[in-house]
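Here is the structure we will look at.
The values are calculated or read from the model by the stated rules, or taken from the named source; none is laboratory data. Note that the structure is a prediction, hence the values are computed from the model and not measured. Quick reminder, even Gly has a Cβ in these numbers, built from the backbone with ideal geometry, and neighbours come from all protein chains shown.
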Amino acid sequence: MKELVQDRLSKMDDLEQRRLLKNMMAGVFMNLVEYQEEMTRQLERRVFEEIENTEEKFDVYVSLTSREDYDPIHEFLYPVLPSDTKDKVMDISRVAEVVREGGALPLFTLFLEMETDQITALVRSKRVFEGTLVTETGSYPIRFRLEHNRSYILEIEKLYLMFMQNGMPWKTINHPYAYKFVDCVLVGGEGQPSADEEIHEITISLEEFDSFKKVDVFPLWNIERLSLKNSGFPIPAIDHVNYEHVLPLRKTGPEHGYLIDGVEGDIRYIKRTEEELTIVTPRDKSGEWNVLKVTKPVSTRLSRQTYPVLSNRRQDSFLGRYAGKQAVIVRAKAEITRIVHSFEAAQGLELERVDIWGGTGRNDVSKLLSKTRTYPLNPFVSDNVRTEEGKQIMRLAFRHGSADASSTFPAYILSDLLSFLVSEVQMYFPEYKCEGEWL
């Protein structure tokens with residue numbers, strides 16, 4: 001409106017009339033325009049804030065670190081398994097027994113900087129690799145095979161159960177590093193080491209895959225384990241059966257997300273306010289509660305992060321907030337595109353095509369299965385209404401966009417990012433079996 005007034009004034013040839021009109025506009029009309037613009041901005045702000053984005057408090061950020069670079073006072077990243085920061089104790093007698101007599105014994109864990117489907121193929125091949133056991137008396141040739149390490153995937157599954165117990169909506173965890181750990185399992189060797197020999201070193205050669213292995217690395221996420229004590233005494237709940245335990249959040253930070261880690265049947269429901277959690281429980285005595293604090297990330301300058309920090313965070317927008325409040329999913333490619341590109345992990349990726357294939361028998365798609373580059377990230381989310389048999393396949397075809405994802409993320413996790421996006425689409429469309437491919 002201001003530009004329109006200025007345009008009209010500039011076209012008046014009579015300078016006196018221009019001056020009078022300018023004074024009149026500046027004194028009355030422009031104040032009215034500015035007032036109207038301010039009221040419009042306030043209305044937009046109220047509408048936007050009315051659809052509160054509570055899920056961002058529970059966004060999970062992940063990364064990977066070596067033992068050498070691990071920062072125990074990092075601002076928001078913590079080990080997925082606290083035991084990873086401690087030195088591993090090896091059972092020397094069991095190692096000597098397997099070398100002498102055979103058997104199987106997991107010794108240590110490796111991280112492979114490879115695509116997950118390549119790791120899966122390598123593990124399924126049951127290939128045996130050579131290694132060396134060095135003791136105080138000499139060296140012994142030993143043999144290994146690789147097996148998937150599921151300890152970090154099980155932690156994600158436990159987190160899902162905790163979200164359900166706390167009545168919070170689940171969002172797929174984007175943790176590609178967790179799927180690339182393998183256990184080196186000792187399956188035999190040569191020589192006769194004694195049970196009391198001191199082991200100095202154990203090495204393994206993965207031959208052509210040796211350059212991809214990383215030793216002494218472990219995954220991180222922004223989840224901290226706390227023990228909080230309720231303030232005051234438990235208060236009888238309104239049902240006169242349970243009790244309310246109040247956990248203050250001022251010291252630990254009200255801006256973070258919190259999940260109660262309780263045993264089944266110990267939590268009836270949880271009430272959340274800005275500065276406290278109220279747990280309704282049958283427990284009638286005060287005590288400590290195990291809590292998972294989903295820490296809000298902050299920008300860091302002094303911490304060194306060798307591997308990229310990834311997340312399942314959605315880009316904040318009014319459309320995304322509004323769509324999240326709706327119970328009905330729009331069955332259209334535009335809606336699938338919106339879901340995919342609402343995540344920060346989709347940066348540099350473009351959804352080109354959505355195809356529906358097959359049905360009962362799926363004879364027409366058997367030849368396409370080899371093109372699938374994704375794997376399900378939520379196998380623990382059960383669907384008690386539908387069965388997998390007879391489902392049509394929704395094939396999502398992606399390509400690298402103008403902002404190439406490979407320049408943002410390492411190449412060996414791109415298919416994992418694809419799996420994350422497809423797994424999120426799967427949550428919206430359970431009647432299909434969703435898969436992804438590269439164009």
For region 119-127, indicate whether the set of residues that are at pLDDT 90 or above, farther than 30 Å from PRO297 by Cβ, assigned to a loop (DSSP other than H, G, I, E, B) and among the small types (Gly, Ala, Ser) is non-empty. yes
Pull up region 175-234, narrow it to residues that are more than 23 Å from VAL294 (Cβ to Cβ) and of a type in the set (Lys, Arg), then point me to the one that is nearest to the chain's Cα centre (by Cα). LYS180
Among the numbered criteria (1) of a type outside the set (Lys, Arg); (2) modelled with pLDDT under 85; (3) surrounded by 12 or more Cβ atoms within 10 Å (Cβ to Cβ); (4) outside the structural domain of PRO410 (by TED's automatic domain parsing), which one does LEU277 miss? (2)
Region 94-128, residues that are among the hydroxyl-bearing types (Ser, Thr, Tyr) and surrounded by 13 or more Cβ atoms within 10 Å (Cβ to Cβ): THR109, THR116, THR120
Mind checking whether some residue in region 321-337 is at pLDDT 85 or above and assigned to a loop (DSSP other than H, G, I, E, B)? no
